[in-house]
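Accompanying notes for the structure given below.
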Amino acid sequence: MVAVMRIKASDPVREGFSGRSTGNVRGVGRTGYYETKGHAIQAFDAELREYGYHLDHASYAVWSGDEGRETVDVCDERRDVVGCAVFTWYRMPSGRYEFIGYLA
């Protein structure tokens with residue numbers, strides 16, 4: 001049995017990932033709000049991929065509603081689960097989404 005490495009507390013992916021949250025977002029307009037939930041998830045997943053990880057698309061749920069909270073597994077290149085991503089979102093009156101994400 002191969003030991004699965006977990007994302008460590010000091011791993012720089014944590015800061016990069018949370019940096020995609022509203023208010024810290026690079027390249028998402030002046031406000032940092034996302035057009036859609038899909039745009040937000042793609043941005044967080046792109047950040048993970050820069051560090052050799054990705055969101056487990058099989059663990060997605062239907063993200064309905066104007067606000068909510070979901071947890072998605074984070075996998076390495078071998079598709080081993082190495083942590084989880086926690087997301088919360090809120091749809092602003094403008095129709096754009098505020099998204100907060102962190103790795104647990």
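Values quoted throughout were computed directly from the atomic coordinates according to the rules given, and no laboratory measurement underlies them. None of the values given here were measured: they were computed from a predicted structure. Glycine gets a Cβ as well: all are built from the backbone with ideal geometry, and neighbour counts include every protein chain shown.
Brief remarks on what is shown
- Charge dipole (Cα centre; +1 on Lys/Arg Cβ, -1 on Asp/Glu Cβ; no other charges) of the chain amounts to roughly 200 debye.
- Sequence-separation-based contact order of the chain, relative, with Cα cut under 8 Å and 6+ spacing, percent: 29
- Across all directions, the average flat footprint of the convex hull enclosing the Cα atoms of region 55-102 is 3.5 nm².
- Theoretical FRET efficiency, 1/(1+(r/R0)^6), r = Cβ-Cβ of Val81 and Thr36, R0 35 Å, to 0.05: 0.85
- Neighbour-count ranking [beta-carbon atoms within 10 angstrom, fewest first] of Cys75, Cys84: Cys84, Cys75
- Global size of the chain: 13.7, 51 Å for Rg and Dmax (C-alpha atoms, Rg to one decimal, Dmax whole).
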